[in-house]
1. Of the listed pairs 250/394; 89/122; 54/89; 54/330, which have alpha-carbon separations greater than 18 Å here?
2. Of the accessible area of segment 143-252, with the probe set at 1.4 angstrom, what percent is carbon plus sulfur?
3. Suppose a student asked you for the relative contact order of the chain, using Cα pairs under 8 Å spaced at least 6 residues apart; what percent would you report?
4. List every residue whose amide H lies under 5 Å from the amide H of residue 260, counting only residues 5 or more places away in sequence or on a different chain, with H placed 1.01 Å from N in the peptide plane.
5. Take 426, 403 and sort them by solvent-accessible surface of the protein heavy atoms, 1.4 Å probe, largest at the top.
6. If I compute solvent accessible area with a 1.4 Å probe over the protein chains, what percent of it on segment 5-125 is carbon and sulfur?
7. What fraction of the Cα pairs in the chain, stated in percent, has a spacing above 36 angstrom?
8. On a 1.4 Å probe surface of the protein chains, which of 1, 83 comes out largest in accessible area, and what is the full order?
Amino acid sequence: MRAPQVFIETFGCQMNEYDTEVVRSILKARGYGFTDSADSADVVLLNTCAIREKAHNKVYGHLGLLKPLKEERGLVIGVLGCMAQNLKKDLLASDALIDVLVGPDSYRALPDLLEKAAAGRKGLAVDLSEYETYADIVPDRIEGVTAWIAVMRGCDNFCTFCVVPYTRGRERSRDLISVVREAEALAASGCKQVTLLGQNVNSYRDGVHDFADLLGAVADIRGIERVRFTSPHPKDFPDKLLEAAAGHPKICEHIHLPLQAGNDRILQLMNRTYTRAEYLALVARIRRRCPDIVLTTDIIAGFCSETEAEFAETYDLVEQVGYHSAYIFKYSERKNTIAARKFPDDVPDAVKAERVSRLVELQRGMSLNKNRALIGKTVEVLVEGDGKYADQWKARTDGNIVTVFPKTGHSIKPGSLVPVRITDATVTTLYAHPA
Ligand code: 5AD
Ligand code: SF4
């Protein structure tokens, strides 16, 4: 009999991309095959994100597109991930299209639920776990020169705007040795860069080791040329971690350091646990130790009760720090979060949008200047694959900036570390020639 074919579509963050690889591994072990379109699938799984309203809407849009396929040939449809966790029975009850709902800690239950669904019984598995890390599951990856490894899951911070502590549950870490084994296996298969993932990656601790130990251990693996990590929380950046990151040449000179807001009252309402001054002191400490570090960030504009003067402090801080790039979001109220329960979402949408566009404008100018300042310099890039055009390579600098250069030398291939000279720059991309 032909193996049932599964099509998985992934929304949201890198952790979801990783989880899709875990799900593929679980399903493969139970005899499922994979296809790259819903048209040829028996089962369609949407691995969803709940972080902002936009993410939700996107999933509803895709579900709508699946309706005719379901009616035509009884496709089994599953919703996985954060939205499944968050909406639980609501989603199953309100939407006749959905057969299976599985939250981020319950992927081991998926094969059984799919079998039941094929026999016409809907099902859900949305229990959160204090222990599930999928440490024993080897993700089914598309082989390449870069890979993600989830080293911790969940979040205990309860930033008041954020749904993650509810959809992904409490913090838990894998043993250092299980991460090292996974990275060694990746190195043996030709992978050159590993990104360590966690909702709060620098809270990693396995009872014996902390995150600095883990970073060092992965960077020591022969064959791994670059180690990245995302996302750290500014509250947890001891000198030991900075020393590990700065002292090891394979740990990339890029830190994504989510700011969220630059005003103390808003930071407190958000429960970020640091002040503006503390954040700036951390940036100064990082830059003293690593002067060439590339800093990027996340910002939320228009959080509950944010005044124009308070927003101006965020704007000022962004300008002061001079990030290389930033993700800038409109505040989007999420059901059941502390903010949704305690504070009215009272900044008008147009004001939120206008604040976002002012910040985006500021950031684009700074990104362009920073990229232009690299013109004429020679930097080492890791080749990831073809660029937009087949006669170009797409690569990244140590600081994670996308760099495109023409295919000239025959010895260059994906995974090569190549010195290139930067010849031109846009807001997002560097253009180069082999040096
Ligand atoms: N509204 C807008 N942005 C949010 N983020 C998290 N929750 C929300 C929300 N409710 C942003 C934060 C976080 C990033 C992953 O998403 O900036 O760092
Ligand atoms: Fe959400 Fe805050 Fe946890 Fe990040 S640290 S996942 S923003 S609660």
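The values are calculated or read from the model by the stated rules, or taken from the named source; none is laboratory data. What you are looking at is a predicted structure, and each value in this text was computed from that prediction instead of being measured. Positions of Cβ are backbone-derived with ideal geometry, glycine not excepted, and every protein chain shown enters the neighbour counts. Quick note on the areas: whole protein, heavy atoms, side chains included, nothing else; ligands and nucleic acids left out. Shrake-Rupley method; radii C 1.70, N 1.55, O 1.52, S 1.80 Å.
1. Values: 250/394 20 Å; 89/122 11 Å; 54/89 21 Å; 54/330 10 Å.
Where the Cα-Cα span goes over 18 Å, the pairs concerned are 250/394; 54/89.
2. On the way: 1920 of 3770 Å².
After summing per-atom areas, the C and S share lands at 51 percent.
3. Relative contact order comes out at 10 percent.
4. 298, 299, 300
5. Values: 426 55, 403 0 Å².
The ranking, largest first, comes out as 426, 403.
6. Working: 2530 of 5010 Å².
Answer for segment 5-125: carbon and sulfur cover 50 percent of the accessible area.
7. Values: 28924 of 94395 pairs.
Cα-Cα pairs in the chain separated by more than 36 Å: 31 percent.
8. Numbers: 1 230, 83 0 Å².
Largest to smallest exposure gives the sequence 1, 83.
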